[in-house]
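S.K.: Here it is: the structure, laid out below.
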Amino acid sequence: MAKPEQRSVKLESSWLAVLGEEFDKPYMRELRTFLVDEKRAGKAVYPQTAQWFAAFDNTPFDRVKVVILGQDPYHGPGQAHGLCFSVPSGVPLPPSLINIFKELESDLGIAPAGYGCLDHWAQQGVLLLNATLTVVQGQAGSHQNRGWEAFTDRAIAVLNEQREGLVFILWGSYAQKKGAFIDASKHLVIRSPHPSPLSAHRGFFGSRPFSKTNEYLESRGLAPIDWQLPPATGH
């Protein structure tokens, strides 16, 4: 039976193999209709359509080593580009990302690169996944509970079920609830407060997620993540 929804979604092939059936389910059809209606109503939806699945496209299923869970895309103009916590080069750093870079420097001595595009991490196997993949400009949480969460839950579930030795980094209570079912006997689960300025001082700072991740990967004979972003001139 033909599956036009799958053909029209340009999802990376290894992810399509494990998530393709989701596009035939009622919740995804309803989500698709909702998103079309939002655009027809003249709303600015972020990120742009071609970047909705950027986290998957940048980090194929079989290459995932680490999962960082976010909640919503950034809702300011030019900020969201499909990778959680990341912003395109040249865009001012959001407060949570500033704190992530502070912890990275404290943990591994890696100074901030001066920009916030994290595709260097994604290309090494760090899946930078938001729970909700779209948002309306200036309206945080505007596309929550419309279906995206079920899709990203399934993505986490197939990683949990079909892979071993992954690192799941769950910052804040929302991510920790979403990842509550992850099997900690076959994966490393790192939990801490969120890097937001509202909560970072409650235990995010000093949590050393980057070194813990690399120690675990190396203990399994895997290459560590190079968390150092390339010089800004390369972007």
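The values are calculated or read from the model by the stated rules, or taken from the named source; none is laboratory data. Keep in mind that this is a model prediction, so the values were computed, not measured. Here Cβ is always computed from backbone atoms with ideal geometry, including for glycine, and neighbour counts include all displayed protein chains. Ligands, DNA and RNA are stripped out before the accessible areas are found, and what is left, the full protein with its side chains, is counted by its heavy atoms. Shrake-Rupley method; radii C 1.70, N 1.55, O 1.52, S 1.80 Å.
S.K.: Taking segment 10-38 as the search range and keeping residues that are basic (Lys, Arg) and at pLDDT 95 or above, which one is farthest from VAL87 (Cα to Cα)?
M.R.: Keep residues of segment 10-38 that are basic (Lys, Arg), which gives 10, 25, 29, 32.
Remaining after also requiring at pLDDT 95 or above: 25, 29, 32.
Working: LYS25: 31, ARG29: 29, ARG32: 25 Å.
Checked segment 10-38; the qualifying residue farthest from VAL87 (Cα to Cα) is LYS25.
S.K.: Report, ordered by the first and then the second residue, all pairs with beta carbons closer than 7 Å, sequence separation of six or more or different chains, a first member in segment 173-192 that is free of Cβ contacts under 8 Å to residues at least 12 places away in the same chain, and a second member that is among the acidic types (Asp, Glu).
M.R.: none
S.K.: Filter segment 195-228 for residues that are more than 24 Å from GLY172 (Cα to Cα) and among the aliphatic types (A, V, I, L, M); which is surrounded by the most Cβ atoms within 10 Å (Cβ to Cβ)?
M.R.: If we take residues in segment 195-228 being more than 24 Å from GLY172 (Cα to Cα) and among the aliphatic types (A, V, I, L, M), then LEU222 is surrounded by the most Cβ atoms within 10 Å (Cβ to Cβ).
S.K.: With the requirement that a residue be aliphatic (A, V, I, L, M), in a loop (DSSP other than H, G, I, E, B) and under 21 Å from GLY221 (Cβ atoms), what does segment 164-209 give you? I'd like the intermediate steps shown before the answer.
M.R.: From segment 164-209, those aliphatic (A, V, I, L, M) are 166-167, 169-170, 175, 180, 182, 184, 188-190, 198, 200; that's our starting set.
Cutting the leftovers down to in a loop (DSSP other than H, G, I, E, B) gives us 166, 180, 182, 184, 198.
The answer is LEU166, ALA184.
S.K.: Which residue, of SER196, SER219, is without any contact (Cβ under 8 Å) to a residue 40 or more places away in the chain and among the polar types (S, T, N, Q)? Can you show your working first?
M.R.: On the way: SER196 fails: without any contact (Cβ under 8 Å) to a residue 40 or more places away in the chain.
Answer to the selection: SER219.
S.K.: Determine whether segment 9-26 contains at least one residue that is in contact with a strand residue (DSSP E or B) (Cβ under 9 Å, 6 or more places away or on another chain) and open to solvent by 10 Å² or more (accessible area, probe 1.4 Å).
M.R.: Residues of segment 9-26 in contact with a strand residue (DSSP E or B) (Cβ under 9 Å, 6 or more places away or on another chain): none.
Within segment 9-26, not a single residue is in contact with a strand residue (DSSP E or B) (Cβ under 9 Å, 6 or more places away or on another chain) and open to solvent by 10 Å² or more (accessible area, probe 1.4 Å).
S.K.: Has segment 104-114 got at least one residue that is charged (D, E, K, R), touching a helix residue (DSSP H, G or I) at 6+ places or on another chain (Cβ under 7 Å) and over 27 Å from VAL45 (Cα atoms)?
M.R.: yes
S.K.: For the condition among the β-branched types (Val, Ile, Thr) and crowded, with 21+ Cβ neighbours inside 10 Å, what is the one hit in THR59, THR33, THR49? Can you show your working first?
M.R.: Numbers: THR33 fails: crowded, with 21+ Cβ neighbours inside 10 Å; THR49 fails: crowded, with 21+ Cβ neighbours inside 10 Å.
Residue meeting the stated conditions: THR59.
S.K.: Next question. Give me the pairs: first residue in segment 137-163 and part of a helix (DSSP H, G or I), second residue exposed (fewer than 15 other Cβ atoms within 10 Å of the Cβ), beta-carbon distance under 6 Å, and six or more apart or on different chains, which are they?
M.R.: ALA150/TYR27; ASN160/ASP183
S.K.: What is the residue count in segment 68-95 for residues that are in contact with a Phe, Trp or Tyr (Cβ under 7 Å, 6 or more places away or on another chain), open to solvent by less than 30 Å² (accessible area, probe 1.4 Å) and of a type outside the set (A, V, I, L, M, F, W, C)?
M.R.: 4
S.K.: Scan segment 156-194 residue by residue and report those that are within 17 Å of the chain's Cα centre (by Cα) and open to solvent by 50 Å² or more (accessible area, probe 1.4 Å).
M.R.: Selection gives SER173, TYR174, GLN176, LYS177, ALA180, ARG191, HIS194.
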